[in-house]
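Structure record follows, encoded as structure tokens.
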Amino acid sequence: MFLALRELRFARWRFTLMGSVVALIAVLMVLLSGLSSGLVNDGVSGLQRLPVTAFAFDRDTKLDSAFSRSVVNTQQVDQWRQQPGVREATLFGNMLVNARSNRGVPIDLALFGVEPGSFLAPTPAEGTGLDSSDGIVVSRTAVKAGLQLGDTVIIDRIGTSLTVVGATADQHTYGHVDVAYLPLAAWQRLHSGVGPGEELRAAAATEATAVAIQADESVDLATGDAAAGTTTFRKAESFGASPGYTAETSTLSLIQVFLYAISALVVGAFFTVWTINRKHELAVLRAMGAAKSYLLRDGLMQALVILAASIAVGVAVGVGLGGLVSGSEVPFTIEAPAVTVAGLLLVLLGLLGAAAAIVRVAAIDPLAALGGQR
């Protein structure tokens, strides 16, 4: 790298300018990565933390409306329990409500109806579990929003009162709304619109949104669907049923793809101009006996030095800025694996862009250095 290092020192301001552009792209990529992770957590962390393999919805239910339109019953649960490879199956309820605490704090909640004592029942970090008919265990983010243990939550329009008896250790949200776990029987009354003192119809007491399935990875979901009359999605697939999840993640992914492409183009354009300016110097090296592979390797290592240093600075700045945003109302989460992947992709695509420009050195005619062109 003798030539590459000397050029870095000689044209340090030119390379600094190039590195600054790459660093800014890295900053933006880190911020987008944090925003993407934050939106995912805000949209489906409640589903992510459920110990399920798949959700079985009513037959022919479309994914985008699965949690809002599907209705299954206990007979379908029994069918799933009989399937080979299924360890546990139980009813799971999901609905969004507007509520207000007895201290006047307005709050939106995603109510997850689960059987107390089942594998879906949450383990609270403080307070107690679902040991009462009107008790709820809320997400840690709901506590930060103003709810406290012992508060009474009154559901709008229905008037049902629920008592906060516990809180989870971390964030549980669905569709950007805090999750509250409650006994399935209480969820069924709320889902049917039955208020205090009113009687619940018999069929509603056997229904819920989906069948939560805990099974081996080898379970045959198609056979289970045929037997139970359901449509099943694995847990990761069910995230698409969360409001806005698919649109948000697709938009951010598209923005990231464009940023990666821009990074490759910027680095490629810079090294294209730089290669044209150093054509005669490279020709001299070729005339002195330098192999084509040496010139290519020299140029790529030069690009790697610039990219590695610039992206390291950009990632550090991005993480610092992300730390200022974290904890605010903006859904932002820095995840080391996502940032690492983003940084490596920027390096790789930058090297590809540089290689596309530097490859022209292989066509340099050594006679050009000796005046052969004249």
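The values are calculated or read from the model by the stated rules, or taken from the named source; none is laboratory data. What you are looking at is a predicted structure, and each value in this text was computed from that prediction instead of being measured. With ideal geometry, Cβ positions are generated from the backbone for all residues, glycine too; neighbour counts draw on all protein chains shown. Note: areas computed on protein heavy atoms with side chains; ligands, DNA, RNA excluded. Shrake-Rupley method; radii C 1.70, N 1.55, O 1.52, S 1.80 Å.
Annotations
- Segment 218-362 shape via C-alpha gyration tensor axes, a/c threshold 1.5: prolate
- Heavy-atom accessible surface of segment 176-219: percent carbon and sulfur, 1.4 Å: 48
- Note: relative contact order over the chain, using C-alpha pairs below 8 Å and six or more positions apart, is 28 percent.
- Highest mean packing first, where packing is the average number of other Cβ atoms within 10 Å per residue, the peptides 143-156, 55-68 line up as 55-68, 143-156.
- Proximal charge balance of L91 [Cβ under 13 Å; K/R count +1, D/E count -1]: -4
- In the full protein context, the chain carries 47 Å² of accessible surface per residue, based on a 1.4 Å probe and ignoring ligands, DNA and RNA.
- For the chain, calculated [θ]222 nm from helices alone, where every DSSP H run of n ≥ 4 adds -39500 (n - 2.57): -16000 deg cm²/dmol
- Choice from S263, S328, S37 showing the highest fluctuation, given a GNM over the chain with Cα pairs closer than 10 Å: S328
- Heavy-atom accessible surface of segment 79-158: percent carbon and sulfur, 1.4 Å: 45
- Overall form of segment 59-165: prolate. Here a/c, set by the Cα gyration tensor axes a ≥ b ≥ c, is 1.5 or more, and a/b is the larger of a/b and b/c.
- Relative packing of peptides 315-325, 180-190 - highest average C-beta neighbours within 10 Å first: 180-190, 315-325
- Of E335, E217, the order by accessible heavy-atom surface (1.4 Å probe, DNA, RNA and ligands excluded), from most exposed downward, is E217, E335.
- Full extension of the chain segment joining S326 with E199 gains 41.1 nm, where the gain is 0.36 nm per residue of separation less the Cα-Cα distance.
- For segment 54-202, relative contact order (Cα pairs under 8 Å, six or more residues apart, normalised by length) works out to 23 percent.
- A145 sits among other residues whose Cβ lies under 13 Å from its own Cβ, and their net charge, with Lys and Arg +1 and Asp and Glu -1, is -1.
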